Every structure is written in C-alpha cells, then in structure tokens.
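First up is the structure itself, then whatever we jot down about it.
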Amino acid sequence: MAFTVEKALAKEVFRSCKLLTGQAGLQNEIKWVNILEILDDLSHIETGEFLITTAYNFGEFSAEEQRRLLEQLAEKKLAALAIQTGHYLNAVAPSFTALAAGRGIPVIEVPPEISFKSLTRALMGELVRQEGAAKNGAPLPDGEKMRERLRQGSELLQRLLAGENPGLLKEALSALRIEPGAPFLIVLAGLRPAGAAAGEAAAAFPEQTLARLLFQVRLPFLMTPAGEKLAVLLQPGKTGRGAAVPAVRPLFNELSLLHPELAFSAGISDLHSGLDSTGAAFEEAAKALRVFELGLAGGPGPLAYADLGIYKLLLGVDKTAPLQSLYEETVAPLLEYDRRSRGALLTTLRAHLRQGSAGGAARELFIHRHTMKYRLDQIKALTGLDPNLPAQAFLLHLGLHIHDYLRQTNELKGQAL
C-alpha cells in the first residue's frame, strides 16, 4: 500500500503540526524526504518528495515569487511542503496558503519544538518498511530507478578498485556526479544483529536506506558489496580533511535510528585527492574497520584511519613473530607477575603512561605516591625498562598495544590478562 501524506500526518510526530491547505493532495504518495533551508534551487526536487524547510528568507518573497515557487513545486509533483515556523518565519502567510490551495500540494505548518530529525526519522522509517515489504511483492514505483542507480555505481566502484584508469570512466562517473580529480574517501561498513551471539548470521546491509540518506544530504557516492561488507566511495566536495570524516558519522547515527535492530561498524579512509588511489583508500578503510571490530578503538564508530595511531604499523606486519618477540621483551613479565600474585602492575603501567606522571597515575588509581613508586620500581626490575625515561616508556607502550592486538586476534602465546 502506498505511503500517503494522509498516513504521514497520522503519525505521532505530526500530532502538533497543522495542515494549512491542500486537502485534495492528502492521497499524494510519498516517495522521498528532502530538507532545504533555503527555497532557491529546486532543481534537485524529485517527484513525490515530502519537502521540509525553515523557509529562510521566505518572508521577503513577493506574491509573484511565491506563485512561481508553487508552480515549480506543482510541476515537480511534490507530495507535500512542511514549513517550520518560529525561526525565520513567524507564520505562514494566508496569501501563500491561498495560492497553494488550488495546486494540490498539502502545506503543513511545523512548530519550532519539532526537530527535522524526528520528522525525517519517522518518514524515512516508513519508507524503509515499505521497501522491505516490497521485496516479496511488486517493487515501489521508484524502486527500479534506485536499483539501477546502485547497479551502475557498484559496477564503477568495482572497476576503480580493480585499478582501472578513472580517466577512461569519466563520462560514466560524471553521470553519477563523481569527478575523477575531486577529493574522496572510502567507507567500509559492516553489521551484525544487535545482541546477536557470536557466529550468528548477519542481516543484509540496508543499502537503499544509506543511499536515500546520501541523496538527501547530496553527497555524490558509489557503493558496492565487498565480501560481507559494503564499500562506499564519497566525494564531500571542498570539505577539508578535518571536516570530511565528521560529515560521515551522522549518516551512521541516522542508520542506527532507522534500524535499531542492527549494530553498525565502519572504517573510514583518509581523504584522497584523486580516484587513481581508490585501492589505497579501500585498504585504509579496511584497516580502520579491522581495528574497530577488534575492540581496539577508544570510542564509538565509525573509526577513521587517521585515528589508528600505532595500529597502522601493527596491521602492516605480515607475520606475528616479531610482535610476539617485542611483547615478550616488554610487558610479558608484568602479566606473568600479575597472574601469579594477583598484582596490578599492568594497570599501574597503563595509568602511568596515560597520565604521563607518577603523581597523576597515583591519583587515578587512588593509591599513595610511595605505593606508586614501589610499583614502578617493580616494573623496571621485571622488564629492564624504566617507565620514567621517554625512549623506554615508548617500548613499554608499544608492548601494551602489541599485547592488546595479539590478544584480540587470538595470536597471543602464553598468559593474557
């Protein structure tokens, strides 16, 4: 069954919204959700979109400009127009409501306390459910178009990953808004059912949901399955390296809101200058995802390659024998001591290296400074390395990272804590 404007307005999130006009368009089918702060460039509006706006500068539109705007929206066969008041617009003018009345476009007033995110989440969630139900029946009206767009993007990304010259693909890439010489990054994403037992089969990645979100924020993209993962190439425009990665994280926040039953994981490459380095970017994203899935990251995902630190080196070591050797020469004696005596030398070393001083570590561990000094002396005696000397502290720090890495990859020989 079609998802209509009438059904959307029946949802709880729209309870405090007000339908100003357009009752004749309540059966308009919603195929897409879009957000525009400024109603200036309508070239990207798609048929059946539910458009949400703050109508910035709209109060300065003349009657003729309002009429032309409504004609454009009607020509695009907009499903509905939701205008939030209380920020840039105190109220929707009756003159605009009157102009809209005969064009079959429902105009909805959204109070300032209702967030765009809550509206988008409710609408997108229903569209996702509709698409899921359509898999076993007739496709949604825009489903074939979406599938063809994803198929073309998948083929192009696979060719780029195989090392094909981006210049030879320029025409096909441009048709999908991808520029061979523009900066890009790769996201490698995976998932498993939230709370699922180890080894339980993972659900299918919601590619079309992610594609809808990318279209909504107008990020040019290509995506293709990569084994059990999903590789996504994104071109964030002129965004600098520092801002490109944070631009990706809200997408996965939205995915989590729309699919609370799934747990997403993702690694993000560095920002690269041209598509000839697509393969290298993919490897970076794969390493970041690997570190995240091993539980070695300090915070929530997605994890950026730029934030891997020393794990960039560890993941580049083909054989674990050198790592095992360094582990045994550094922190292995501390773990053995803690295992035998139920001590806390490993915890003490971590705190000392984290704080950068014995006093700070003592405060973190709630122990006396004399106890701290005694434990540091034990660490020095057992390892032959002084945690107060920068070069030797670095070796101990490296040993801890190697221990964590080998333990998570099940390649640690001997006792692990």
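Test Lys7 against the criterion of being among the basic types (Lys, Arg), within 32 Å of the chain's Cα centre (by Cα) and either buried (at least 20 other Cβ atoms within 10 Å of the Cβ) or part of a helix (DSSP H, G or I) (or both), and give yes or no. Explain how you work it out, then say what you get.
Working: among the basic types (Lys, Arg): yes; within 32 Å of the chain's Cα centre (by Cα): yes; either buried (at least 20 other Cβ atoms within 10 Å of the Cβ) or part of a helix (DSSP H, G or I) (or both): yes.
Spelling it out, Lys7 is indeed among the basic types (Lys, Arg), within 32 Å of the chain's Cα centre (by Cα) and either buried (at least 20 other Cβ atoms within 10 Å of the Cβ) or part of a helix (DSSP H, G or I) (or both).
Do you know which residues across region 271-299 are of a type in the set (D, E, K, R) and more than 22 Å from Arg159 (Cβ to Cβ)? Steps first, answer last, please.
Kept after step one, since they are of a type in the set (D, E, K, R), are these residues of region 271-299: 276, 283-284, 287, 290, 293.
If the condition is that a residue be of a type in the set (D, E, K, R) and more than 22 Å from Arg159 (Cβ to Cβ), then Lys287, Arg290, Glu293 are the ones that fit.
What number of residues in region 211-227 are hydrophobic (A, V, I, L, M, F, W, C) and more than 17 Å from Val33 (Cβ to Cβ)? Don't jump to the end; show me each part of the working.
Taking region 211-227 as the starting set, the residues that turn out to be hydrophobic (A, V, I, L, M, F, W, C) are 211, 213-215, 217, 219, 221-223, 226.
From the residues that got through so far, the ones that are more than 17 Å from Val33 (Cβ to Cβ) too are 221-223, 226.
Number of matching residues: 4.
Hey, can you tell me all the residues within region 253-271 that are farther than 26 Å from Leu123 by Cβ and of a type in the set (A, V, I, L, M, F, W, C)? Steps first, answer last, please.
If we filter region 253-271 for residues that are farther than 26 Å from Leu123 by Cβ, which is where we start, we get 265, 267-271.
Selection gives Ile268, Leu271.
Can you tell me which residues in region 36-93 are touching a Pro at 6+ places or on another chain (Cβ under 8 Å) and among the polar types (S, T, N, Q)?
Once the filter is applied, which keeps residues that are touching a Pro at 6+ places or on another chain (Cβ under 8 Å) and among the polar types (S, T, N, Q), region 36-93 yields Gln84, Thr85.
Taking region 116-142, which residues are of a type in the set (Gly, Ala, Ser) and modelled with pLDDT under 60?
Pass one, region 116-142, residues of a type in the set (Gly, Ala, Ser): 118, 122, 125, 132-134, 137-138.
Gly132, Ala133, Ala134, Gly137, Ala138, listed by residue number.
Scanning region 46-61 for residues that are assigned to a loop (DSSP other than H, G, I, E, B) and modelled with pLDDT of 80 or more, which turns out farthest from the chain's Cα centre (by Cα)?
So in region 46-61, the residues assigned to a loop (DSSP other than H, G, I, E, B) come out as 46-48, 54-57, 61.
Narrowing the set further to residues that are modelled with pLDDT of 80 or more leaves 47-48, 54-56, 61.
Values: Thr47: 27, Gly48: 26, Thr54: 25, Ala55: 28, Tyr56: 28, Phe61: 37 Å.
Of everything passing the filter in region 46-61, Phe61 is farthest from the chain's Cα centre (by Cα).
Could you list all residues from region 84-102 that are under 17 Å from Ala63 (Cβ atoms), free of Cβ contacts under 8 Å to residues at least 40 places away in the same chain and either under 31 Å from the mean Cα position of the chain (by Cα) or surrounded by 15 or more Cβ atoms within 10 Å (Cβ to Cβ) (or both)?
Leu89, Ala93, Phe96, Leu99
Run down Pro206, Pro193, Pro166, Pro180 and say which single residue is at pLDDT below 90 and surrounded by 19 or more Cβ atoms within 10 Å (Cβ to Cβ). Talk me through it step by step, then tell me what you get.
Working: Pro193 fails: surrounded by 19 or more Cβ atoms within 10 Å (Cβ to Cβ); Pro166 fails: at pLDDT below 90; Pro180 fails: surrounded by 19 or more Cβ atoms within 10 Å (Cβ to Cβ).
After ruling out the rest, the residue left standing is Pro206.
The values are calculated or read from the model by the stated rules, or taken from the named source; none is laboratory data. Since we're looking at a predicted model, the values are computed, not measured. Using ideal geometry, Cβ is built from the backbone for each residue, glycine included, and neighbour counts are taken over all protein chains shown.
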